[in-house]
Amino acid sequence: QVQLVESGGGLVQPGGSLRLSCGVSGSLDYYAIGWFRQAPGKEREGIVCISNSDGSTYSANSVKGRFTGSRDNVKNTVYLQMNSLKPEDTAVYYCAAGPPQYGGCLYGIRPASEYTYWGQGTQVTVSS
């Protein structure tokens with residue numbers, strides 16, 4: 001079984017930055033990675049896709065230009081760098097791992113159903 005352990009969530013002021021980390025117990029290079037978030041009363045939203053092969057990424061429109069996903073296969077860790085945070089970004093953030101899919105992250109966010117393993121979630125609160 002593959003386990004994902006998240007860290008880095010917390011309280012930040014609007015306009016601030018935060019970096020989330022997700023350690024993976026298996027060999028990270030075998031998995032595609034996704035970052036998702038869910039606010040109270042709302043559906044889970046895919047925000048960043050990270051491919052398994054070359055680390056290419058795709059960001060959803062809601063976070064494009066502000067959030068950057070990356071992976072370090074040597075450390076078996078994935079990251080989500082969050083800049084220019086807004087109150088609307090307040091949510092529980094999840095990392096997820098799954099088998100590589102045709103097309104990778106070239107064309108958009110992958111659906112949550114394609115991911116097999118999920119982290120426990122990390123609360124991010126953006127407020128003054």
**Single match in Arg37, Arg71, Arg44 (criterion: open to solvent by less than 60 Å² (accessible area, probe 1.4 Å) and over 22 Å from Ser128 (Cα atoms))** = Arg71
**Request:** Run Thr122 past the list (1) within 16 Å of Phe36 (Cβ to Cβ); (2) in contact with a Lys or Arg (Cβ under 8 Å, 6 or more places away or on another chain) and report the number of the one that doesn't hold.
**Result:** (2)
**Prompt:** Do you know which residues across region 1-15 are closer than 20 Å to Arg66 by Cβ, surrounded by 14 or more Cβ atoms within 10 Å (Cβ to Cβ) and either among the acidic types (Asp, Glu) or over 16 Å from the mean Cα position of the chain (by Cα) (or both)?
**Reply:** Glu6, Val12
**Fill in**
Residues in region 8-51 that are more than 22 Å from Gln101 (Cβ to Cβ), in contact with a Gly (Cβ under 8 Å, 6 or more places away or on another chain) and at pLDDT below 95 total 0
**Filtered residues of region 7-35 (kept if over 19 Å from Tyr58 (Cβ atoms), in a strand (DSSP E or B) and in contact with a Leu (Cβ under 6 Å, 6 or more places away or on another chain))** = Val12, Val24
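The values are calculated or read from the model by the stated rules, or taken from the named source; none is laboratory data. Source: prediction; values computed, not measured. Counting neighbours? That spans all protein chains shown, and the Cβs are built from the backbone with ideal geometry, glycine included. Note: accessible area is taken over every heavy atom of the protein model, side chains too, but ligands, DNA and RNA are not part of it. Shrake-Rupley method; radii C 1.70, N 1.55, O 1.52, S 1.80 Å.
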